[in-house]
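Structure first, then comments.
The values are calculated or read from the model by the stated rules, or taken from the named source; none is laboratory data. On a predicted model such as this, the values are computed, not experimentally measured, just so you know. Methodologically, a virtual Cβ is constructed for each residue, glycine included, from the backbone with ideal geometry; neighbour enumeration extends over all protein chains shown. Quick note on the areas: whole protein, heavy atoms, side chains included, nothing else; ligands and nucleic acids left out. Shrake-Rupley method; radii C 1.70, N 1.55, O 1.52, S 1.80 Å.
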Amino acid sequence: MQSGTAADRASVNFPSIWAFILADCFSFAILFTIVMTERIGQSDLFDKAARHLDAQLGLVNTLILITGSWLVALAVVAARRGDGAGARKWLLAAIAVSSAFGAIKLYEYSAKIGAGFTPITNDFFTYYYMLTGLHFLHYIGGMAALIALVFNLDFSKVSETSVLRWIVSVGIFWHMVDLLWLFIYPMLYLLPLI
Amino acid sequence: MTERDPYRYMGVLAWSGPIFLLGAILGWAVLGHNLPPYSPARSPEEFLEFIQTNQYQIQLGMIIMMTVAPLYLMWGYAVTRIMQKADAYNDIMATLQLWGAGFTMLVFFVPCGLWIGVTFRADSMDAASLRFMFDTAWMFFDTGFSPVTMQFCAFGVCFLSDPREVPLMPRWVSWLGIWVGISFFVFMLMPFFKEGPLARDGMLMFWIEFSLFFWFLVIACVYVFKAIGKLKAEHAASGAVAA
Amino acid sequence: MITTARTLTITWIALIVATVAAFVLCEMGTDVGRWAIWAAMLIAALKAGVVLHVFMELHEGTIAWKLAFGVWLSFCTVLIAGLYYFTT
């Protein structure tokens, strides 16, 4: 279904947003390094504090992000086939499922703050709020981009390079929100349990 | 051709970027003793000794920084002119970028003025008040990130919409601009920390976040020169056709 | 290489299973032994690799891109698992 020059096809299969993704992933690697090195010397405090987090809510949120990612990937496959209506339907499903991540995260934050765990409680919670907060900003940006796609894109022209590139690029960004969480979840919630 | 050259002053504007960078590094960073900045965790007395020891160097450094600050606006105007060519039908992002550059210039002006004030009265004011003024300038400097975020995001968004086969600004530079601009949101955390990686002299705040501004500016300066070259070639080609 | 809906759905099921497995492993807590740290992070790394290649289609990129993300993935995995394993 793809038309146009080789450069057009390349820009759809491997769009330039990858430059942003690379910079973002490496900056999170730096954040991970900071958190993990700050943990040295106070690992008891970190692990005890981490046990106050709700690993089950974290699990549910991980499953939500994975499912949202899968739905967005299905939307991209539909768009590549030239099925604009199908792509829009999968994107709507992804938005519906993924909105639960935000609701759960906000509930988690308010429950933690209600129980007296704020960013100034100790170093663990400083970094917990920093990492999950920066990730949450990415989540908000990704959700806004998905919603903007669904309402602003002309899905009848999905075979055109510029329209398809939008769907692929936003999809890649959305998968990155998932990708980063796959490291943040074990780092903050799971490994302290062992 | 020469008297109707639309790029006549562009070289001056483009060179103000690198000259600004040199002035900022020499004045603000080296002479100003900001590599890394003075730790906010030290006592007022230690701070006073630091200021009194380095008084004249810091004063000179900040005077240089204030003097070169308008060059940042001039460079921003070069970028805006290129942006107007990248998207010929809509100059909203180009205008926003220029305003972003202009207000970022104020972020260099106001704190440096305060820091000169601190050194000016270092012999007669009490240490705690001096340190308070020094800290306040830092709040403007780091927490005042939003104009430059607006500037870099407008830069990236506009150049990404360039319809040319080979865009005036490489797409990775545009994305990098957007990413650097957004990553400055981390500065929102700076006022909450006096030590550690999130304090103003910390590994994350200074060596990564703050230095990103300079690294991106170096890259953007290089590609501004290249973009002007491309535009001049385009202009010459269209002139040849017209003739 | 064109990704099909079938591939994506199999990938999704595999990711769900791996996520639950890592959760169950870590919930057993101190009973399982400290090797579980490496096991859990290995699962996370595999999941991240699958997301990169199947969902994000990193395989469309040049070798330099794949290498960069390979370095990133290995670094994050070894950093987190290593520092948990060696600092008690």
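Let me spell it out: the conditions are (1) part of a helix (DSSP H, G or I); (2) among the small types (Gly, Ala, Ser); (3) open to solvent by less than 30 Å² (accessible area, probe 1.4 Å), and B:GLY11 meets all of them except one. Which number is the exception?
(3)
Does any residue in region C:48-68 that is among the charged types (D, E, K, R) come within less than 9 Å, Cβ to Cβ, of a residue that is in a loop (DSSP other than H, G, I, E, B) six or more places away or on a different chain, and which pairs are these?
Cβ pairs passing all conditions: C:GLU57/A:PHE14; C:GLU57/C:MET1; C:GLU57/C:THR3; C:GLU60/A:PHE14; C:GLU60/C:MET1.
Within region B:14-42, take every residue that is among the polar types (S, T, N, Q) and in a loop (DSSP other than H, G, I, E, B) and give me the one that is most open to solvent (accessible area, probe 1.4 Å).
Here is the first cut: in region B:14-42, the residues among the polar types (S, T, N, Q) are B:16, B:34, B:39.
Now drop any that are not in a loop (DSSP other than H, G, I, E, B), which leaves B:34, B:39.
Details: B:ASN34: 5, B:SER39: 24 Å².
Filtering first and then ranking leaves B:SER39.
Cβ-Cβ distance below 9 Å, separation of 6 or more or different chains: which pairs start in region B:101-119 with a residue that is assigned to a helix (DSSP H, G or I) and end on one that is open to solvent by 40 Å² or more (accessible area, probe 1.4 Å) and of a type in the set (Lys, Arg)?
Qualifying pairs under 9 Å: B:VAL118/B:ARG131.
Taking region B:103-119 as the search range and keeping residues that are of a type in the set (A, V, I, L, M) and within 17 Å of B:GLY23 (Cα to Cα), which one is surrounded by the fewest Cβ atoms within 10 Å (Cβ to Cβ)? Quick ask: steps written out before the conclusion?
Taking region B:103-119 first, the residues of a type in the set (A, V, I, L, M) are B:105-107, B:110, B:114, B:116, B:118.
Still in the list and also within 17 Å of B:GLY23 (Cα to Cα): B:105-107, B:110, B:116.
Working: B:MET105: 21, B:LEU106: 14, B:VAL107: 20, B:VAL110: 17, B:ILE116: 18.
My answer is B:LEU106.
Kindly indicate whether A:ALA29 is open to solvent by less than 50 Å² (accessible area, probe 1.4 Å) and more than 10 Å from chain B (Cβ to nearest Cβ).
Judged against the criteria, A:ALA29 is a match.
Scan region B:147-184 residue by residue and report those that are of a type in the set (S, T, N, Q), closer than 22 Å to A:PHE28 by Cα and touching an Asp or Glu at 6+ places or on another chain (Cβ under 7 Å). Let's see the steps before the verdict.
The first filter runs over region B:147-184 and keeps only residues of a type in the set (S, T, N, Q), leaving B:149, B:151, B:161, B:174, B:183.
Those still in the list that are closer than 22 Å to A:PHE28 by Cα too: B:149, B:174, B:183.
The one that is of a type in the set (S, T, N, Q), closer than 22 Å to A:PHE28 by Cα and touching an Asp or Glu at 6+ places or on another chain (Cβ under 7 Å): B:SER183.
Counting just the residues of region A:59-98 that are touching a helix residue (DSSP H, G or I) at 6+ places or on another chain (Cβ under 7 Å) and away from every other protein chain (no Cβ under 13 Å), which one comes out surrounded by the fewest Cβ atoms within 10 Å (Cβ to Cβ)?
Of everything passing the filter in region A:59-98, A:ALA85 is surrounded by the fewest Cβ atoms within 10 Å (Cβ to Cβ).
With the requirement that a residue be touching a residue at least 60 places away in the same chain (Cβ under 8 Å) and open to solvent by 20 Å² or more (accessible area, probe 1.4 Å), what does region A:124-139 give you?
Residues satisfying the conditions are A:LEU134, A:HIS138.
For region C:17-42, what are the residues that are part of a helix (DSSP H, G or I) and open to solvent by 40 Å² or more (accessible area, probe 1.4 Å)? Lay out the reasoning, then the answer.
At the first step, the residues of region C:17-42 found to be part of a helix (DSSP H, G or I) are C:17-27, C:29-31, C:35-42.
Across region C:17-42, the qualifying residues are C:VAL17, C:VAL20, C:ALA21, C:VAL24, C:GLU27, C:THR30, C:ASP31, C:TRP35, C:TRP38, C:LEU42.
Would you say B:PHE225 is modelled with pLDDT of 95 or more and in contact with a Gly (Cβ under 7 Å, 6 or more places away or on another chain)? Break it down stepwise before answering.
Working: modelled with pLDDT of 95 or more: yes; in contact with a Gly (Cβ under 7 Å, 6 or more places away or on another chain): no.
Judged against the criteria, B:PHE225 is not a match.
Which residues, counting only those in region C:44-81, are part of a helix (DSSP H, G or I), over 19 Å from A:PHE28 (Cβ atoms) and within 8 Å of chain A (Cβ to nearest Cβ)?
Selection gives C:VAL54, C:GLU60.
Only residues that are of a type in the set (A, V, I, L, M, F, W, C) and either at pLDDT 95 or above or buried (at least 21 other Cβ atoms within 10 Å of the Cβ) (or both): list them for region B:173-183, please. Even if it seems obvious, please write down each step before you answer.
As a first pass, look at region B:173-183 and keep what is of a type in the set (A, V, I, L, M, F, W, C): B:173, B:175-176, B:178-180, B:182.
Hits for region B:173-183 are B:VAL173, B:TRP175, B:LEU176, B:ILE178, B:TRP179, B:VAL180.
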